[in-house]
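Peer 1: After the structure tokens below, expect a handful of questions from me.
The values are calculated or read from the model by the stated rules, or taken from the named source; none is laboratory data. All figures in this text were calculated on a predicted structure; none of them were measured in a lab. Here Cβ is always computed from backbone atoms with ideal geometry, including for glycine, and neighbour counts include all displayed protein chains.
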Amino acid sequence: MQTILVTGATANIGRKVVDHLIAQGAANIRALTTDPRKAALPEGVEVVQGYLRRPETLPAAFAGVERMYLAPTPDTVDEVLTLARAAGIRHIVDLSGEPESWWGTVCKAVEGSGLEWTHLWPADFMENTLVWSRQIRETGAVREPRPEAATAPIAMDDIAAVAAVALLNDDHVGRAHALAGPQMLSRAELVRQLGAALGREIAFLESSREDTIAALTPAMGDTATWYVDNVLYGFDPEPGDLPLTSVPDITGRPATTFARWAADNAARFTA
């Protein structure tokens, strides 16, 4: 039976990929993690130690693997793929981005490796709204520059469900799946729905670039400036640009709405 390796298996998406593989009846699942003692993965999953940013730790984990979910590590992706090819891994399902994006270095490297591939190119994660949690706790408001800016955020669990399908089905070889959530929502509407989940109104305060960076820096550190300039100002998809039915089309199950995700994760904004 084929062995499927999930890298980043204790991280946000990789851990969910393991769960979805199990739910779909997969066996011979191997999970790569930096500390197997703390992995707390389900019984029956083979846990191995290794780290994608330290390629010298990977050969033993790659031995006997046929398919691999590849978490995005642009700085070492070429070395990782060289080892994967040498180990006989056949199919890579990578979390990446369009070729022109920063994450696109991953998908270009995977295609250049000569291995079979499936790319997953997700829209903004619903989980990214957690950067608001500190502002909400301390001020009851969210500060951003463009209340009308809209996208179709996707839950990490839905990305993982797509990854599991791609790992188990050769129909997805050679395909790049742009992934999005089921609804186009403005930033102000995201805040409104989050407030509904928390049972109280959260103010959306339209703020300057500088004030937004200052509001996000306690939560995001040095990445706040990049996030404001490249995500809040730099991403303006048209409704037709985002595949709102991608998750149900691939998985056969409804995609998670932001309202549902917010209700399930409300405690994370108050803790």
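Peer 1: Among the listed residues R53, R15, identify the single one that is outside the structural domain of V231 (by TED's automatic domain parsing) and in contact with a Leu (Cβ under 9 Å, 6 or more places away or on another chain).
Peer 2: Result of the check over R53, R15: R15.
Peer 1: Moving to a separate point now. Looking at T3, T34 in this structure, which one is surrounded by fewer than 19 Cβ atoms within 10 Å (Cβ to Cβ) and under 22 Å from G88 (Cα atoms)?
Peer 2: Just a single option satisfies the conditions, and that option is T3.
Peer 1: If I filter segment 248-271 down to residues being among the small types (G, A, S) and under 18 Å from the mean Cα position of the chain (by Cα), which single residue comes out as surrounded by the most Cβ atoms within 10 Å (Cβ to Cβ)?
Peer 2: Ranking the candidates gives A255 first.
Peer 1: Could I ask something else about it? Quick check on my filter: what residues within segment 39-74 are closer than 21 Å to P122 by Cβ and not aromatic (F, W, Y)?
Peer 2: Those that are closer than 21 Å to P122 by Cβ and not aromatic (F, W, Y): L52, R67, M68, L70, A71, P72, T73, P74.
Peer 1: What are the pairs, 6+ residues apart or on separate chains, where a residue within segment 19-38 that is free of Cβ contacts under 8 Å to residues at least 60 places away in the same chain has its Cβ under 6 Å from a residue that is hydrophobic (A, V, I, L, M, F, W, C) and part of a helix (DSSP H, G or I)?
Peer 2: Taking only residues 6 or more apart or on different chains, the pairs are I29/L21; A31/V18; L32/A61.
Peer 1: Also, quick follow-up: Please work out if V93 is closer than 27 Å to N265 by Cβ, under 16 Å from the mean Cα position of the chain (by Cα) and of a type in the set (A, V, I, L, M).
Peer 2: It is true that V93 is closer than 27 Å to N265 by Cβ, under 16 Å from the mean Cα position of the chain (by Cα) and of a type in the set (A, V, I, L, M).
Peer 1: Being touching a residue at least 40 places away in the same chain (Cβ under 8 Å), under 10 Å from E144 (Cα atoms) and surrounded by 13 or more Cβ atoms within 10 Å (Cβ to Cβ) is the filter here; which residues of segment 199-215 pass it?
Peer 2: F204, L205, E206, S207, R209, D211, T212, A215
Peer 1: I've got another one for you. Please work out which one of (1) touching a strand residue (DSSP E or B) at 6+ places or on another chain (Cβ under 7 Å); (2) farther than 26 Å from D19 by Cβ is the condition M68 fails and give its number.
Peer 2: (2)
Peer 1: Okay, moving on. Could you look through segment 64-88, keep only residues that are out of contact with any helix residue (DSSP H, G or I) (no Cβ under 6 Å at 6 or more places or on another chain) and in a loop (DSSP other than H, G, I, E, B), and pick out the one that is surrounded by the fewest Cβ atoms within 10 Å (Cβ to Cβ)?
Peer 2: Looking at residues that are out of contact with any helix residue (DSSP H, G or I) (no Cβ under 6 Å at 6 or more places or on another chain) and in a loop (DSSP other than H, G, I, E, B), I get D75.
Peer 1: Mind listing just one residue for me: the one in segment 224-247 that is β-branched (V, I, T) and surrounded by 13 or more Cβ atoms within 10 Å (Cβ to Cβ) and, of those, nearest to the chain's Cα centre (by Cα)?
Peer 2: By that ranking, first place goes to V247.
Peer 1: How do the pairs read when you match residues in segment 237-262 that are among the small types (G, A, S) with residues anywhere that are loosely packed, with under 13 Cβ neighbours inside 10 Å and part of a helix (DSSP H, G or I), using Cβ under 9 Å and keeping only pairs 6 or more apart or on different chains?
Peer 2: As it stands, the answer is none, since no pair meets every condition given.
Peer 1: Something else: Going through segment 109-138 one residue at a time, which ones are buried (at least 16 other Cβ atoms within 10 Å of the Cβ) and among the acidic types (D, E)?
Peer 2: E111, E116, D124, E127
Peer 1: Show me the strands (runs of 3 or more DSSP E) entirely contained within segment 107-198 in which 2 or more residues are under 18 Å from the mean Cα position of the chain (by Cα) and in contact (Cβ under 8 Å) with a residue 24 or more places away in the chain.
Peer 2: In segment 107-198, the matching strands (runs of 3 or more DSSP E) lie at 116-122, 175-179.
Peer 1: P218: in contact (Cβ under 8 Å) with a residue 40 or more places away in the chain, outside any loop (DSSP other than H, G, I, E, B), in contact with a helix residue (DSSP H, G or I) (Cβ under 6 Å, 6 or more places away or on another chain) and surrounded by fewer than 14 Cβ atoms within 10 Å (Cβ to Cβ), yes or no?
Peer 2: yes
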